[in-house]
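The values are calculated or read from the model by the stated rules, or taken from the named source; none is laboratory data. Remember, it's a predicted structure, so these values are computed and weren't measured experimentally. Reconstructed Cβ throughout: ideal geometry from the backbone, glycine too, with neighbour counts over all protein chains shown.
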Amino acid sequence: MKIREAYNRFFKSEHRILLTALLSSITTLLFALYNGYLGLRFCDVWGISIAIYYLCLTVARTICLNVEKKLKGNEEDYRNIIRRKTYIGLSIFIFFIDICLFVPITLMVVSPKEVSFGIIPAIAFATHTTYKIIMAIVNYNKTKKMGNLTYTFLRELSIIDALTSILSLQHILIMVKGGMTDDMLLLSAISSFGILTIIILFSFFTTKKMIKKT
């Protein structure tokens, strides 16, 4: 009974957010390495660029975890000041990284690599992407009430990560089909730039809202 209570207390506390962020950092790093491998193997600009993007997300999460670790034992006012500065700095960093995605997405649509990709990794990636989207939305709504800007940023980053995974999944599905066809060109362009626009607007308005609030 005590074990069960300790388990419930842990996973309903702030420790769960940090643990989830740590696991997300590891997963994102693996995706970065995997996409980097595909990019180098097939000379695919999208794979290399998205690997760099995932590495940036990993760096941002790692900084948040490091900040929370160093803030233990400090006064609450000092914590809030450091969290606010960290939130604004990392949000601006991620916003400009999002804008940089325009280049690889344009190359993906205009001149995609015609390579063949296995169906099993594509199915696994699609399953993982669906899970990331659902959990990102659920956890984002929970975190808004906590008042911790580090946790807020981590949850916002999860939303961005999930949306970016949709772009990666689309690219993988194009590779499964052996490359871009004329029928897919228009649909791919609309969906890719549509999702990227959502990512940029989400980053912009959440950062703007927090800057005005603080």
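Beta carbons closer than 8 Å, at least 6 apart along the sequence or on distinct chains, pair a first residue in segment 88-109 that is surrounded by fewer than 16 Cβ atoms within 10 Å (Cβ to Cβ) and modelled with pLDDT of 90 or more with a second that is of a type in the set (S, T, Y) and not in a loop (DSSP other than H, G, I, E, B) for I92/T207. Only one of the listed residues (R61, R79, R83) is surrounded by 18 or more Cβ atoms within 10 Å (Cβ to Cβ) and free of Cβ contacts under 8 Å to residues at least 40 places away in the same chain. That residue is R79.
Scanning segment 69-95 for residues that are charged (D, E, K, R) and either in contact with a Leu (Cβ under 6 Å, 6 or more places away or on another chain) or farther than 23 Å from Y53 by Cα (or both) turns up K69, K70, K72, E75, E76, D77, R79, R83, R84. Segment 29-143 holds helices (runs of 4 or more DSSP H) entirely within its bounds, and those carrying 1 or more residues that are more than 28 Å from T206 (Cα to Cα) map to 45-70, 102-110, 119-143. When the criteria are applied in full, L167 meets the requirement of being crowded, with 21+ Cβ neighbours inside 10 Å, out of contact with any His (no Cβ under 6 Å at 6 or more places or on another chain), modelled with pLDDT of 85 or more and not charged (D, E, K, R).
Yes or no, residue by residue, for (1) crowded, with 17+ Cβ neighbours inside 10 Å; (2) among the small types (G, A, S); (3) within 19 Å of the chain's Cα centre (by Cα); (4) at pLDDT below 90:
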| residue | (1), (2), (3), (4) |
| --- | --- |
| K2 | no, no, no, yes |
| E5 | no, no, no, yes |
| S13 | no, yes, no, yes |
| L19 | no, no, yes, yes |
| L22 | no, no, yes, yes |
| T28 | yes, no, yes, yes |
| L33 | no, no, yes, no |
| C43 | no, no, no, yes |
| I50 | yes, no, yes, yes |
